[in-house]
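J.: Quick one: this structure, given as structure tokens, is what I'll be asking you about.
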Amino acid sequence: MKKLIAVALIACSISIAQAQTSTNDNPFLSGPTTQILDFLSHGSNWMAVAYGTANDKFDKFGGGVALGYRASDFLVPTLRLDYYDGRVWMPSASIQLQAPMTLFGKITVIPFAISGIATPIAGKGSDNGTAVGIFGAGLAARLGAHWDIIGDAEKWTGFDGYQIRFGALYKF
């Protein structure tokens, strides 16, 4: 099994390295897969985030994934899927307003505010399908050309307290 995984990792590495060249003569992949890898390897405005969540009392936990598109340096529409308290599944759409700034000429931080709408699709009983407002603020710190760490605090209407989120963001 370890040999199979090693061979798969080597094949993927070769494929990605080959996709990063300007030619599309990849011996392992062709068609749309090559185009997608080429698009992602040359950068875009898409961002993906994986994060953990805790409530303000740290007795309920969860996590989620998000996909954002940097429309400008100051505006990022985002789609998310949250899993919370071991039972609630909640997709959401939000707008993030941000103001990137460089401190001391070296450290880039991005304070932001978010507002959005969500609906629980499982785990809230009779409240499944109801509208939930999302309001929050947070901060991201740039670690490199593609990586940020990010944290925020959010208030979800219909939920007690507020949620605290911490995660890693990858920019394509």
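J.: State all residues of the range 160-170 that are at pLDDT 95 or above and more than 18 Å from residue 50 (Cβ to Cβ); if no residue qualifies, say none.
T.: Those that are at pLDDT 95 or above and more than 18 Å from residue 50 (Cβ to Cβ): 161, 162.
J.: Scan the range 46-72 for residues that are surrounded by fewer than 13 Cβ atoms within 10 Å (Cβ to Cβ) and farther than 22 Å from residue 93 by Cβ and jot them down.
T.: If the condition is that a residue be surrounded by fewer than 13 Cβ atoms within 10 Å (Cβ to Cβ) and farther than 22 Å from residue 93 by Cβ, then 57, 58, 59 are the ones that fit.
J.: While we're looking at this one, here's another question. State whether the residues of the range 58-74 include one that is β-branched (Val, Ile, Thr), at pLDDT 95 or above, under 30 Å from residue 122 (Cβ atoms) and touching a Lys or Arg at 6+ places or on another chain (Cβ under 8 Å).
T.: Checking the range 58-74: at least one residue is β-branched (Val, Ile, Thr), at pLDDT 95 or above, under 30 Å from residue 122 (Cβ atoms) and touching a Lys or Arg at 6+ places or on another chain (Cβ under 8 Å).
The values are calculated or read from the model by the stated rules, or taken from the named source; none is laboratory data. Note that the structure is a prediction, hence the values are computed from the model and not measured. A quick note on method: Cβ atoms are made from the backbone with ideal geometry, for glycine too, and the neighbour counts reach across all protein chains shown.
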